[in-house]
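Taken together, the values in this text are just the output of simple stated rules run on the coordinates, not laboratory data. These figures come from a predicted structure and were not determined experimentally. Cβ: placed from backbone, ideal geometry, glycine included. Neighbour counts: every protein chain shown.
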Amino acid sequence: MPTRNAEATWRGNLKEGSGDLAVGSGAFEGPYSFMSRFEDGDATNPEELIGAAHAGCFAMALGNALDENGFEADELHVEAEVHLDPEALEIDWIQLTLEGNVPDIDEETFLEIANEAKAGCPVSKVLAGAEIRLDATLV
């Protein structure tokens with residue numbers, strides 16, 4: 001399995017400085033700043049990139065888990081909300097919101113498989129220091 005990489009460059013102090021983030025594949029490159037991280041600035045921030053990684057990993061893990069249990073998802077849509085506590089400077093919780101369109105599955109089975117996938121997804125495991133919540137809806 002290949003090693004994935006990303007890079008960051010920061011210039012200046014925390015509040016007035018700015019930086020750039022890029023992923024190794026070239027699929028994303030963009031600026032970030034104090035405002036985009038702790039206020040409502042226009043650039044990206046590490047937390048939303050963590051959210052994108054977590055949403056993507058969880059969706060794939062769930063698709064695999066459903067397949068292993070004899071189901072195939074028509075669509076799994078996952079949103080991730082990553083909360084950075086500005087006082088403690090730590091990510092204290094992550095809310096995953098899932099809407100799944102999975103034919104021939106009952107809600108109880110869907111929720112059970114979704115919770116197992118949440119716990120087993122590699123990004124969930126690496127973020128285990130934060131409370132990871134799941135709100136799942138079968139549509």
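In order along segment 91-108, the phi-based Karplus estimate (6.51 cos²θ - 1.76 cosθ + 1.60, θ = phi - 60°) of 3J(HN,Hα) comes to 7, 9, 7, 9, 9, 9, 10, 10, 10, x, 10, 10, x, 6, 10, 8, 4, 4 Hz; Gly and Pro are listed as x.
Sparse packing (at most 10 other Cβ atoms within 10 Å of the Cβ) combined with a DSSP loop state is found for the following GluC sites (Glu not before Pro) in segment 64-139: Glu87. For the chain, the longest stretch holding no trypsin sites (Lys or Arg not before Pro) located in a DSSP loop with at most 12 other Cβ atoms within 10 Å is which? Value returned for the longest uninterrupted segment is 16-139.
In percent, rounded to a whole number, the relative contact order of the chain is 18, using alpha-carbon pairs under 8 Å and six or more apart. Across segment 82-87, coupling constants 3J(HN,Hα) worked out from phi with the 6.51/-1.76/1.60 Karplus curve, θ = phi - 60°, read 9, 9, 9, 6, x, 7 Hz, and Gly and Pro carry x. Remark on Leu134: its backbone amide H falls under 5 Å from those of Leu96, a criterion applied only to residues 5 or more positions apart or on other chains, H modelled at 1.01 Å from N. Where does the chain land at 222 nm, in deg cm²/dmol rounded to the nearest 500, when only DSSP H runs of n ≥ 4 count, each adding -39500 (n - 2.57), divided by all residues? So the helix-based figure for the chain works out to -10500 deg cm²/dmol. Mean projection of the Cα convex hull over all viewing directions, computed for segment 88-139: 3.8 nm². A simple spin-label model places the labels of Thr137 and Val23 2.6 nm from each other, with each point 7 Å out along Cα-to-Cβ.
A straight line joining the Cα centroids of segment 63-119 and segment 25-46 runs 25 Å.
If we count every other residue with Cβ under 12 angstrom of Val78's Cβ, Lys/Arg +1 and Asp/Glu -1, where does the sum land? Once all neighbours under 12 Å are counted, the net charge is -4. The calculated pair-distance distribution of the chain uses every alpha carbon pair, bins of 10 angstrom beginning at 0, and gives 11, 36, 31, 16, 5, 0 percent. Between Cys57, His77, Phe28, the Cα set farthest toward the positive side of the dipole of segment 1-113 (charges on each charged residue's Cβ, about the Cα centre) is that of Phe28.
Each residue of segment 42-47 was assigned a 3J(HN,Hα) from its phi angle through the Karplus expression (A = 6.51, B = -1.76, C = 1.60, θ = phi - 60°), giving 7, 7, 7, 7, x, 5 Hz with x at Gly and Pro. Looking at the chain, the DSSP beta bridges with both ends there are about 70 percent antiparallel.
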